[in-house]
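I have placed the structure first, in the form of structure tokens, so that the comments after it can refer back to it.
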Protein chains: 2
Amino acid sequence: MKPANPHPDVDQLHLTDVMSALSDPLRVGIVRVLADGNEQAWGDLRVPVGKSTLSHHLKVLRAAGLTRTREEGTRCYVRLRTEDFETRFPGLLTSVLQAAHQEDVGAQVTLT
Amino acid sequence: MKPANPHPDVDQLHLTDVMSALSDPLRVGIVRVLADGNEQAWGDLRVPVGKSTLSHHLKVLRAAGLTRTREEGTRCYVRLRTEDFETRFPGLLTSVLQAAHQEDVGAQVTLT
DNA sequence: GCTATTGTTCGATGGTCGACGAACATCAAA
DNA sequence: TTTGATGTTCGTCGACCATCGAACAATAGC
């Protein structure tokens, strides 16, 4: 239940991990949904996969340092690590989000 | 021997393909070597893998639209599709290269 | 024509990945 | 306390990937 994975420190983010995390359309979709900076509950993510698969994808995003997870009771909330990412890889997240929007990658992921 | 793979058109580049291509340190290294815009002969690429593996990686980069291959006699030359890429995904290649430089990803790849 | 160079292609191998369902753990609410 | 909701973990499956060596094709140069 607890997101056992620790969040990697800012200076421990690896580019190839980020690229690998963003090579899946579903994960790009999750990032896009979080792009406005707001925190979202996992249950509010509309995703066409089972919950174990969603858990897996969120773990990948967390391990890559793209997102931060907070738990409150039995629910988990996730948000983008926008500032940390801008510090480590300036401009990267912005251009990725712009490209994803342009191509409409990950449109399968929506909010409730 | 001919790079049978066609080069994808500018409007057919997919973000996830690019991300997938750049999730391998060796391929990032190749891109970094080409970052100055100069064309390079394949044989001048110093890469710690066999020829068939290098051929495979260059095929992946070509299929993702990151590079363009030209053949001249028995030799092949490769260069970055910088302008095409800037047209399709503005700022993406720049920030990726900056991030790769900052982390020194793909330092295993050099020139003769 | 023969040979060396260069790059492609073809298995084979071992590793990773995305997806699923089932079982488990934790907490809230009835 | 019992029930329901929420995530995690595990085992499994099929697909893909990086790597290698060997065999093949095409061209340059002798």
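In peptide A:93-100, how many Cβ atoms from other protein chains are near each Cβ within 10 Å, on average?
That average works out to 5.
Would you kindly work out, in nm and rounded to one decimal, the distances from the label point of B:Leu111 to those of the same position in each other copy, ordered shortest first, with label points 7 Å along Cα-to-Cβ?
Its label point is 4.8 nm from the equivalent points in the other copies.
Determine the shielding of peptide A:22-35 by partner chains: average, over its residues, the number of Cβ atoms on other chains within 10 angstrom of each Cβ.
2
Name the most mobile residue of A:Thr67, A:Thr94, A:Thr16, meaning the one with the largest mean-square fluctuation, in a Gaussian network model of chain A with Cα contacts below 10 Å.
Most flexible of the set in this elastic network: A:Thr16.
Could you please state, rounded to a whole Å, how far the C-alpha centre of the stretch A:1-55 is from the C-alpha centre of the stretch B:90-108?
Going from one Cα centre to the other spans 22 Å.
I need to check one value: relative contact order of the stretch B:10-102, counting alpha carbon pairs closer than 8 Å and at least 6 residues apart, in percent. Walk me through the numbers before you get to the answer.
Working: 84 pairs, mean separation 32.3, N = 93.
Result for the stretch B:10-102 is 35 percent.
If you average 1/r over every pair of different alpha-carbon atoms in the stretch A:10-104 and take one over that average, what Kirkwood value in Å do you get?
13.5
Return the FRET efficiency for the residue pair B:Glu71, A:Glu72: r is the Cβ-Cβ distance, R0 is 41 Å, and the value is rounded to the nearest 0.05. All intermediate terms of the calculation are to be shown ahead of the outcome.
Details: r = 59 Å, r/R0 = 1.45.
Once the sixth-power term is evaluated, E becomes 0.10.
For each of A:Arg88, A:Arg46, A:Arg68, count neighbouring Cβ atoms within 10 Å of the residue's Cβ, then give the residues from fewest to most. Before the final figure, lay out each step's value.
Working: A:Arg88 22, A:Arg46 12, A:Arg68 17.
With the sparsest Cβ surroundings first, the list reads A:Arg46, A:Arg68, A:Arg88.
Nm distances between the label at A:Gly50 and the same-position labels in the remaining copies, 7 Å along Cα→Cβ, shortest first?
So the label point of A:Gly50 gives 3.8 nm to the other copies.
At B:Gln12, with labels set 7 Å past Cα in the Cβ direction, how many nm apart are the copies from this one, shortest first?
Ordered by distance, the counterparts are at 4.3 nm.
Can you list the residues, at least 5 places off or on another chain, whose amide H is less than 5 Å from the amide H of B:Thr67, using H built in the peptide plane?
Those lying under 5 Å, H to H, from B:Thr67 are B:Arg62, B:Arg81.
Taking only DSSP H segments of four or more residues, each worth -39500 (n - 2.57), what value at 222 nm results for chain B once the sum is divided by all its residues, to the nearest 500 deg cm²/dmol?
Values: 5 runs with 48 residues, N = 112.
It lands at -12500 deg cm²/dmol.
State the number of lysine pairs found in the protein assembly as shown whose Cα atoms come within less than 13 Å, restricting to pairs 8 or more positions apart or on distinct chains.
For the protein assembly as shown, qualifying lysine pairs total 4.
Laboratory data are not the source of any read-out in this text; all were calculated from the coordinates shown. Just so it is clear, the structure is predicted and the values come from calculations on it, not from any experiment. Because the Cβ atoms are built from the backbone with ideal geometry, glycine has one as well, and the counts that use them run over all protein chains shown.
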